[in-house]
Amino acid sequence: MLVTYYFRKNYRATFWAGLVATLISFVTLLYLILATLYPLLGQYYRAAVLLGVLAYLVYGTILAASHSGSRPWLKGAGIGMALLYGAQLAALMWFIDIPPYPPTAKLDVIQQWLSLADRIVPVLLLFNFVDELKNTPDVKEPVDLPAGLLLAKGMVVILAISTTVLAIQLLGDNHNHTHISARETALAQPFEEGSYVSRQGDTLLYRLLKPLHYDAKKRYPLVVGLPFSCRLDNIRQIDACPIAKWLATDENRRKYPCFVFVPRCPPYSGWGGVANTPSVAPLAIEALVSLDKAFSIDTQRRYVSGVSRGGYGSWHLIGTHPELFAAAIPVCGEGDPSQAPGMAGIAVWAFHGAKDMNVPVSGSREMVSALKQAGGAPRYTEYAHLAHSVWEEVIKTPGLLDWLFSQKQTDHSKATKS
């Protein structure tokens, strides 16, 4: 619509700049989708993003500096675009030597705020059209408008409403992504903050819940809770870790004294097992093992649980490090069936919703079948009428925590400290 407007108003330079920027946007988006499906194409990720930023930087500059800049609102929109995409270009150059995955926290915050500021450009363009309407001479005689024009006006109204709703949703999503609520802070309070730095200098942030009345002379089980979301802070992963919230209740802390280890999932990463997603599982394993030196942990009673992304991670951790775990509760996850022989001795109780559209139920079914074929004895609960959100039903399972904390590695050699 904007490109057509520029053409009708005879803003030739802006027309061509807007048309080229639009086409580059579509091509860049198509490439990014293909790069997600085919990782080999990902080597041109930065070039594609840089091309899109440059196209809109030129577009904004021309919008402000050419004949279209004679209209104040268009000039303001052009200046806004030039400044915003100039800042995007500067940020890309600043972090040019840093791999795109996982992005640094600083770059992620910069891009979030630039994305939020970018919402003002459509508002300025909208004001330009309001100004156009105000300067349109009134027609006193009734005019029969063509059906096509009426349809176009109706589409514009629908588009305006949809854009407004989307903008409000984006503002809300941005706020939720960058702000920590009082409820999330309260959930994390019982968990102490911690960090682990590897020999390579990589850092993993985590939170740790200690047993009530911790006694260093006793040995306690440890539960690894894998969050399903990735955050910049070291607070909100508790709210994204159902097993951690469940074990942190006063009743369960008294009944099941244990350590609960909840590592943070950095943005755009995961716990392993998810295609095309960088994994921080090796770092989490290092951090987990390092706790043995600081606390009195029963290394034969380590457990892991997670939902969705955490469900994938639960299968992945017991598949790649079966020597570290006695039991697992993967919920709505998927694993690698070829790893089943190595984890056959681990107690598993898996859960999944049959109507899950996020993670196919076949992910749990295939793992359970592979474990049985490998000589394991997994338990499996499937909810025929539920989709992805099944945790509230999981915690109603009679004796689930009793079952979990009764599990112990039978092969003592597998529990030796690293």
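Taken over segment 46-75, the criterion of being assigned to a helix (DSSP H, G or I) and polar (S, T, N, Q) is satisfied by THR61, SER68, SER70. Does segment 85-105 hold any residues that are open to solvent by 50 Å² or more (accessible area, probe 1.4 Å) and either modelled with pLDDT of 65 or more or among the β-branched types (Val, Ile, Thr) (or both), and which are they? Residues satisfying the conditions are ALA90, MET93, TRP94, ILE96, ASP97, ILE98.
Okay, residues lined up against (1) open to solvent by 30 Å² or more (accessible area, probe 1.4 Å); (2) closer than 15 Å to THR185 by Cα:
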site	(1), (2)
ALA216	yes, no
ARG219	yes, no
LEU222	no, no
GLY225	no, no
ASN234	no, yes
CYS241	no, yes
PHE259	no, no
PRO266	no, no
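The set of residues in segment 262-291 that are outside any helix (DSSP H, G or I), polar (S, T, N, Q) and touching a residue at least 24 places away in the same chain (Cβ under 8 Å) comprises SER269, ASN276, SER279. Within segment 312-323, if we keep just the residues that are out of contact with any Ser or Thr (no Cβ under 8 Å at 6 or more places or on another chain) and open to solvent by less than 20 Å² (accessible area, probe 1.4 Å), the residue that is nearest to SER406 (Cα to Cα) turns out to be ILE318.
Just so you know, in segment 178-203 the residues that are at pLDDT 95 or above and open to solvent by less than 20 Å² (accessible area, probe 1.4 Å) include one that is farthest from PRO242 (Cα to Cα), and it is GLY194.
Would you call GLU251 over 17 Å from ILE297 (Cα atoms), modelled with pLDDT of 95 or more and open to solvent by 10 Å² or more (accessible area, probe 1.4 Å)? Spell out how you get there, then give the answer.
Details: over 17 Å from ILE297 (Cα atoms): yes; modelled with pLDDT of 95 or more: yes; open to solvent by 10 Å² or more (accessible area, probe 1.4 Å): yes.
Yes, satisfied.
Does ILE329 meet the test of being aliphatic (A, V, I, L, M), open to solvent by less than 10 Å² (accessible area, probe 1.4 Å), under 26 Å from TYR256 (Cβ atoms) and in a strand (DSSP E or B)? Break it down into steps so the answer makes sense when it comes.
Numbers: aliphatic (A, V, I, L, M): yes; open to solvent by less than 10 Å² (accessible area, probe 1.4 Å): yes; under 26 Å from TYR256 (Cβ atoms): yes; in a strand (DSSP E or B): yes.
Yes: the conditions hold for ILE329.
Inside segment 42-51, can you point out the residues that are in contact with a helix residue (DSSP H, G or I) (Cβ under 8 Å, 6 or more places away or on another chain) and either modelled with pLDDT of 70 or more or open to solvent by 70 Å² or more (accessible area, probe 1.4 Å) (or both)? Matches in segment 42-51: TYR44, TYR45, ARG46, ALA48, VAL49, LEU50, LEU51.
Could you tell me how many of the residues in segment 1-21 are outside any helix (DSSP H, G or I) and aromatic (Phe, Trp, Tyr)?
Kept after step one, since they are outside any helix (DSSP H, G or I), are these residues of segment 1-21: 1, 9-11.
Add one more test, that the residue is aromatic (Phe, Trp, Tyr), and what stays is 11.
Of the residues in that region, 1 qualify.
Does GLY335 fit the bill of being at pLDDT 95 or above and either open to solvent by less than 60 Å² (accessible area, probe 1.4 Å) or among the aromatic types (Phe, Trp, Tyr) (or both)?
On the way: at pLDDT 95 or above: yes; either open to solvent by less than 60 Å² (accessible area, probe 1.4 Å) or among the aromatic types (Phe, Trp, Tyr) (or both): yes.
Against the criterion (at pLDDT 95 or above and either open to solvent by less than 60 Å² (accessible area, probe 1.4 Å) or among the aromatic types (Phe, Trp, Tyr) (or both)), GLY335 qualifies.
The values are calculated or read from the model by the stated rules, or taken from the named source; none is laboratory data. Remember, predicted model here, so these are calculated numbers, not experimental data. Virtual Cβ from ideal backbone geometry, glycine too; neighbours counted across all protein chains shown. These area figures cover heavy atoms from the full protein model, side chains too; ligands, DNA and RNA do not enter into them. Shrake-Rupley method; radii C 1.70, N 1.55, O 1.52, S 1.80 Å.
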